[in-house]
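Comments concern the structure below.
The values are calculated or read from the model by the stated rules, or taken from the named source; none is laboratory data. Predicted model, so just to flag it, every value in this text is computed and none were measured. Cβ sites come from the backbone with ideal geometry, for glycine too, and all protein chains shown count toward neighbours. Each accessible area value is taken on the protein alone, full model and side chains, heavy atoms only, with ligands, DNA and RNA left out. Shrake-Rupley method; radii C 1.70, N 1.55, O 1.52, S 1.80 Å.
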Amino acid sequence: MPEPELPRDFLGAFAVVERGESILFVGNDRRIGGRQVRTWDLPGGQVEPGERLDEALARELAEETGLVAAAPARFLFVQDGELRRGGERLQTWRSFFFAVTVTGEPVAAGEVLAVRWLEREAMRRELTAPYHDSFLAWLEHGGAFHRCTWND
């Protein structure tokens, strides 16, 4: 089966939801390196045309986990990325990450297959997708801007 065509540019909004020492992640199956793998990502996704970042963040969080943002989100960092294959740039993205306080208990919904809370040590083992490098760098060193190149 042919791979679906990627949008040339992607604008995303993602939620960092903390509970104690853990952060909430959602499980999806993604095609990485030519094979399907389970990835653990922060709740969030694409900003739709005409949508503000905060609106997309609240919508995606509710669609994927059933959680409701309880207060305005706080900006953490932005990831400026590109997907390359065979030396050719296939896609670029800008993903904005926000700290979000929520109400409710998370459940897998929409296209999400599972939800789980990960402690920082587990994140280092579980977050292995090429685009996770910016989040892991932010956890380790902070900073408001991270660049990512995914060579697939």
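Within segment 99-148, which residues are more than 14 Å from GLY66 (Cα to Cα) and in contact with a Pro (Cβ under 8 Å, 6 or more places away or on another chain)? Of everything in segment 99-148, just one residue is more than 14 Å from GLY66 (Cα to Cα) and in contact with a Pro (Cβ under 8 Å, 6 or more places away or on another chain), namely CYS148. Against the definition (open to solvent by 70 Å² or more (accessible area, probe 1.4 Å), modelled with pLDDT of 95 or more and under 16 Å from ALA15 (Cα atoms)), how does ARG147 come out, yes or no? The answer is no for ARG147.
Tallying residues that are outside any loop (DSSP other than H, G, I, E, B) and either open to solvent by 40 Å² or more (accessible area, probe 1.4 Å) or out of contact with any strand residue (DSSP E or B) (no Cβ under 7 Å at 6 or more places or on another chain) (or both) within segment 72-81 yields 2.
Would you confirm whether any residue within segment 99-119 is open to solvent by 50 Å² or more (accessible area, probe 1.4 Å), within 20 Å of ILE32 (Cβ to Cβ), out of contact with any His (no Cβ under 9 Å at 6 or more places or on another chain) and assigned to a strand (DSSP E or B)? So far as segment 99-119 goes, yes, one or more of its residues are open to solvent by 50 Å² or more (accessible area, probe 1.4 Å), within 20 Å of ILE32 (Cβ to Cβ), out of contact with any His (no Cβ under 9 Å at 6 or more places or on another chain) and assigned to a strand (DSSP E or B). Do the conditions hold for LEU57, that is, is it buried (at least 17 other Cβ atoms within 10 Å of the Cβ), at pLDDT 95 or above and under 24 Å from TRP138 (Cβ atoms)? For LEU57, the condition - buried (at least 17 other Cβ atoms within 10 Å of the Cβ), at pLDDT 95 or above and under 24 Å from TRP138 (Cβ atoms) - is met. Applying a threshold of 9 Å to beta carbon distances and a minimum spacing of six or more residues, or different chains, the list of pairs starting in segment 113-125 at a residue that is without any contact (Cβ under 8 Å) to a residue 40 or more places away in the chain and ending at one that is open to solvent by less than 90 Å² (accessible area, probe 1.4 Å) and among the polar types (S, T, N, Q) reads ALA122/SER22. Say whether the condition of being outside any strand (DSSP E or B), touching a Phe, Trp or Tyr at 6+ places or on another chain (Cβ under 6 Å) and open to solvent by less than 70 Å² (accessible area, probe 1.4 Å) is met by at least one residue in segment 61-71. Among the residues of segment 61-71, not one is outside any strand (DSSP E or B), touching a Phe, Trp or Tyr at 6+ places or on another chain (Cβ under 6 Å) and open to solvent by less than 70 Å² (accessible area, probe 1.4 Å), which makes the answer no. The single condition among (1) touching a residue at least 24 places away in the same chain (Cβ under 8 Å); (2) touching a strand residue (DSSP E or B) at 6+ places or on another chain (Cβ under 6 Å) that ASP133 does not satisfy is (1). Taken as a whole, the structure places GLU48 among residues that are open to solvent by 50 Å² or more (accessible area, probe 1.4 Å), on the phi < 0 side of the Ramachandran plot and of a type in the set (Asp, Glu).
Would it be correct to say that ARG94 is in contact with a Phe, Trp or Tyr (Cβ under 8 Å, 6 or more places away or on another chain), modelled with pLDDT of 95 or more and either buried (at least 18 other Cβ atoms within 10 Å of the Cβ) or not β-branched (Val, Ile, Thr) (or both)? So ARG94 passes the test.
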